[in-house]
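The values are calculated or read from the model by the stated rules, or taken from the named source; none is laboratory data. Because the structure is predicted, anything quoted here is derived from the model rather than measured. Neighbour counts run over all protein chains shown; Cβ positions are idealised from the backbone, glycine included. These accessible areas exclude ligands, DNA and RNA; they are computed on the full protein's heavy atoms, side chains included. Shrake-Rupley method; radii C 1.70, N 1.55, O 1.52, S 1.80 Å.
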Amino acid sequence: MADKGSRRMRAQRSPIWAKVVVGFGALLMVAALASGGYAKYMIDNVNDSVPTKDLGIKDDPGGDIKGPLNFLLIGSDKRKSWSSSQSDTIMVLHVNRDLNKATIVSIPRDLKVHIRKCAGGNPCDFKINSAFAAGGKDTKAAVQNLARTIKDLSSTGGTTGQPTKDDGIEFNGVAMVNFKGFYKVAKMFGTIKLCLPLKMTPDHGHGKTFPKGCNDYSYKDALLIVRERHSYFPEGHPDFDPSWGLGDYGRQHMQQQFIKQLFVRAEEEGYVSNPAKVGPLIKTLGSNVLVDLGHRSVTDFAFALRHVKPSSMKTLRLPSTTVVEYPGGTKTDFEELADDQAKQTTEDLFKAIREDNVDEWIADNPKLVNREDK
């Protein structure tokens, strides 16, 4: 157990669904255009299957889509509706001016930031996902509060909590993804291949143990594995590579693998190119995504971003450190930009996004590119 004030570095990884949000839509559009009369069926299915809502991100007049673009991606563990105060994953997707390259920046949900409006309407310095939670069941208010908080953080001087300019990231759209909904897709395939970094006995597996290595798993066993969080600690696992990720970050890494394998299977079994199969797949995926793209359709953006290859996207992490604090006497783990160097590195990243020269930042900070993206 960490002592008060103790710190440890965690590997922060972006779930593969962040790439899917852009990449799968583009893949469907390319398949549609290549199949002649199949195009209208594909376009209508994509647009009709993905729920849209005015979340107040940007008043877009329409017209040609021009870069650079920034999107807010939120992983929310919704239950019965999109009215939810959960934001388990927060990311910024940046697309360059030429609309042919994208970069994803993962923002730790526990990152300690200044929030103008916390629960009760007062400002606070707390975990960034509290900005979303402050919206309660009003999804629009939750998204707007989170977007405002990220804009403050990414403004000049924002990493110190006291921005000197209001020049932070403005979003062109937002996508909310319900991760649990993707398990419905797994049922369509029967089994999913997963590669475990260690022998695992999930907390809720009723004593089931799964071996280290790659195997095909049933939908139910895959669910146990992907939900597991407590196994991802080095204590008691001498063969475990800590670079996989600890705790929540280890679980995120397994989630990446799970979603990636779903799309590998979809392609292998013809779910992208076969009209008889693609309809059910689109409806299952689309029902678990909620977007606000202004006055544009999902396929408008899919077509505009057709040159962005998901496999070439870089996912970046912030140089944050886990710090144990006791606000109000309660032990709390925060992710913090713990020193001046970390703050400067992060401020340089946000400046690179604003000025559309992220490649230069990556060249200067290769250690902050996630392992699987190098």
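Assorted remarks:
- The residues of region 164-214 that are in contact with a helix residue (DSSP H, G or I) (Cβ under 9 Å, 6 or more places away or on another chain), of a type in the set (Val, Ile, Thr) and open to solvent by 50 Å² or more (accessible area, probe 1.4 Å), listed by number, are Thr164, Thr191.
- Residue count for region 86-114 under the criterion of being of a type in the set (S, T, N, Q), under 16 Å from Glu355 (Cα atoms) and either free of Cβ contacts under 8 Å to residues at least 60 places away in the same chain or crowded, with 22+ Cβ neighbours inside 10 Å (or both): the result is 1.
- Region 120-132, residues that are surrounded by fewer than 19 Cβ atoms within 10 Å (Cβ to Cβ) and either in contact (Cβ under 8 Å) with a residue 60 or more places away in the chain or outside any loop (DSSP other than H, G, I, E, B) (or both): Cys124, Asp125
- Number of positions in region 360-372 that are over 20 Å from the mean Cα position of the chain (by Cα) and exposed (fewer than 14 other Cβ atoms within 10 Å of the Cβ): 4
- Of all residues in region 328-349 being among the β-branched types (Val, Ile, Thr) and surrounded by 16 or more Cβ atoms within 10 Å (Cβ to Cβ), the one that is farthest from Ser155 (Cα to Cα): Thr345
- Screening Tyr217 with (1) open to solvent by less than 70 Å² (accessible area, probe 1.4 Å); (2) at pLDDT 90 or above; (3) farther than 19 Å from Met254 by Cα gives one miss only, at (3).
- Of all residues in region 280-337, those being under 24 Å from Tyr183 (Cβ atoms) and of a type in the set (D, E, K, R) number 1.
- For Glu325, the criteria (1) at pLDDT 95 or above; (2) open to solvent by 30 Å² or more (accessible area, probe 1.4 Å) hold in every case but one, which is (1).
- So Ala18, is it modelled with pLDDT under 55 and within 25 Å of Gly136 (Cα to Cα): yes
- Filtered by the rule that a residue be in a helix (DSSP H, G or I) and aromatic (Phe, Trp, Tyr), region 133-186 gives Phe179, Phe182, Tyr183.
- Residue list for region 149-186, filter: free of Cβ contacts under 8 Å to residues at least 40 places away in the same chain, within 18 Å of the chain's Cα centre (by Cα) and farther than 15 Å from Asp348 by Cα: Thr149
- Residue in region 234-242 that is buried (at least 20 other Cβ atoms within 10 Å of the Cβ), at pLDDT below 70 and not charged (D, E, K, R) present: no
- Any hit, region 320-329, residues being at positive phi, without any contact (Cβ under 8 Å) to a residue 12 or more places away in the chain and not in a loop (DSSP other than H, G, I, E, B): yes
Yes/no matrix, rows are residues, columns are (1) under 25 Å from Ala266 (Cβ atoms); (2) of a type in the set (D, E, K, R); (3) not in a helix (DSSP H, G or I):
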| residue | (1), (2), (3) |
| --- | --- |
| Leu194 | yes, no, yes |
| Gly207 | no, no, yes |
| Leu223 | yes, no, no |
| Val226 | yes, no, no |
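Quick grid of which residues meet (1) in a loop (DSSP other than H, G, I, E, B); (2) modelled with pLDDT of 80 or more:
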residue: Phe24; (1), (2): no, no
residue: Gly36; (1), (2): yes, no
residue: Ile43; (1), (2): no, no
residue: Ile65; (1), (2): yes, yes
residue: Asn70; (1), (2): no, yes
residue: His94; (1), (2): no, yes
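- Lys117, sole failed condition from (1) without any contact (Cβ under 8 Å) to a residue 60 or more places away in the chain; (2) more than 23 Å from Lys53 (Cα to Cα); (3) open to solvent by 70 Å² or more (accessible area, probe 1.4 Å): (2)
- In region 199-215, the residues that are under 9 Å from Ile225 (Cα atoms) and without any contact (Cβ under 8 Å) to a residue 24 or more places away in the chain form Cβ pairs under 9 Å with partners that are open to solvent by 70 Å² or more (accessible area, probe 1.4 Å) and of a type outside the set (Val, Ile, Thr), at six or more places apart or across chains, as follows: Phe210/Lys199.
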